[in-house]
Amino acid sequence: MNEIVKVGSNDIPVIEWKGQRVITTAQLAEVYGASETQVKQNYGNNAIHFKDGEHYFLLKGAELKEFKNRVENFSLVGKNANQIYLWTRKGASRHCKMLGTDKAWEQFDELEENYYNPQRQALYGERLISMAVIEAYKILGEKDKQIERLESTVQDMDKVIGELTPKANYVDLILKNTATVLTTQIAQDYGMSAKAFNKKLEGLGIQRKVGGQWILYAKYLGKGYVHSKTIDIVHSNGQPDVRMQTEWTQKGRLFLYEELKKHDIYPVIEQAA
């Protein structure tokens, strides 16, 4: 038992018992940055989850005497101790989980890799190359999966952009136009007749008909949504007359767009194909 293994900042003498590498309670506490009392209490409170011969070896009597004779140079066990626990890799793992500290988790990785795994060997020559090739294929496989996920994300984004673009185009169409428009023109944007469109706006409480002219309800007046235009007409009997016609400003057109959206009514260029 002359071999020393470096675990973090700790030098751990290698101890083997019944063909397994083991570690004492005192060493385990030191490595995990805990007190020996903590380790003992954790075991005492959870002893049902530990199995002798699997998670630890409890040495007493003749076995303890044999162990003392083998490790006396390392002062790993007091001369007057009447028993000692030696923790296997599984036992050290359980203690790590019970302590649950970052230090314990970090040190258990060190224990498992450097202490409990004596079979670790340096890889050279063809074996090293073959292992590197295998690892490279794993990395490439993972990269392919990442690329597939990215392509799927791009496709989803393209779909969203495709859905949003018509909406932007319709708003752009409105903003590019500064002239007033007739209800008939807006109705066509929604695939309706002027009569049906006016009735829809009436049903939504936006406008009402007074004296043959559609006018906005009071709460929408004075907002610059509409403009009344006087039209010269001639009756069938030849008598001249005038008629008031409501025309929508581009601000009003945007207002209608937002209001109709609230009721899932969209212009034709935004409707699903």
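Values as computed for the structure displayed
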quantity	calculated
Residue in region 253-263 that is among the basic types (Lys, Arg), in contact with a strand residue (DSSP E or B) (Cβ under 9 Å, 6 or more places away or on another chain), within 23 Å of Ala179 (Cα to Cα) and open to solvent by less than 30 Å² (accessible area, probe 1.4 Å) present	yes
Residue count for region 80-108, restricted to those that are part of a loop (DSSP other than H, G, I, E, B), in contact (Cβ under 8 Å) with a residue 60 or more places away in the chain and farther than 21 Å from Ser35 by Cβ	1
Lys145 being open to solvent by 60 Å² or more (accessible area, probe 1.4 Å) and modelled with pLDDT under 90	yes
Any pair with Cβ under 6 angstrom, 6 or more apart, that starts in region 189-202 at a residue that is in contact (Cβ under 8 Å) with a residue 40 or more places away in the chain and ends at one that is assigned to a helix (DSSP H, G or I)	Gly191/Val268
Pairs with Cβ under 8 Å, 6+ apart, first in region 40-54 and in contact (Cβ under 8 Å) with a residue 40 or more places away in the chain, second outside any helix (DSSP H, G or I) and of a type outside the set (A, V, I, L, M)	Tyr43/Phe50; Tyr43/Tyr85; Phe50/Tyr56
Extreme residue, most open to solvent (accessible area, probe 1.4 Å), among residues of region 11-31 that are within 38 Å of the chain's Cα centre (by Cα) and free of Cβ contacts under 8 Å to residues at least 60 places away in the same chain	Glu30
Qualifying residue in region 9-27 (condition: in a helix (DSSP H, G or I) and hydrophobic (A, V, I, L, M, F, W, C))	yes
Candidate set from region 193-205 (those that are at pLDDT 90 or above and among the small types (Gly, Ala, Ser)); member that is least open to solvent (accessible area, probe 1.4 Å)	Gly205
Answer residue from region 115-139, given it is farther than 30 Å from Arg21 by Cα and open to solvent by 100 Å² or more (accessible area, probe 1.4 Å) and is modelled with the lowest pLDDT among those	Glu126
Answer residue from region 179-192, given it is in a helix (DSSP H, G or I) and under 18 Å from Met244 (Cα atoms) and is least open to solvent (accessible area, probe 1.4 Å) among those	Thr183
Filter pass, Val77 being under 19 Å from Tyr115 (Cβ atoms), assigned to a helix (DSSP H, G or I) and under 53 Å from the mean Cα position of the chain (by Cα)	no
Filter pass, Leu86 being open to solvent by less than 90 Å² (accessible area, probe 1.4 Å) and under 12 Å from Thr25 (Cβ atoms)	yes
Single residue of region 206-237 satisfying the filter (open to solvent by 80 Å² or more (accessible area, probe 1.4 Å) and closer than 14 Å to Thr183 by Cα) that is modelled with the highest pLDDT	Arg208
Positions within region 148-178 being at pLDDT 80 or above and within 30 Å of Gln245 (Cα to Cα), in sequence order	none
Yes/no for Ala34 being open to solvent by less than 30 Å² (accessible area, probe 1.4 Å) and in a helix (DSSP H, G or I)	no
Residues of region 38-57 satisfying the condition of being out of contact with any Leu (no Cβ under 8 Å at 6 or more places or on another chain) and either at positive phi or open to solvent by less than 90 Å² (accessible area, probe 1.4 Å) (or both)	Tyr43, Gly44, Asn46, Ala47, Phe50, Gly53, Glu54, His55
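The values are calculated or read from the model by the stated rules, or taken from the named source; none is laboratory data. This structure is a prediction, so every number in the text was calculated from the model and none was measured. Virtual Cβ from ideal backbone geometry, glycine too; neighbours counted across all protein chains shown. Accessible surface is based on the protein model in full, side chains and every heavy atom, while ligands, DNA and RNA are left aside. Shrake-Rupley method; radii C 1.70, N 1.55, O 1.52, S 1.80 Å.
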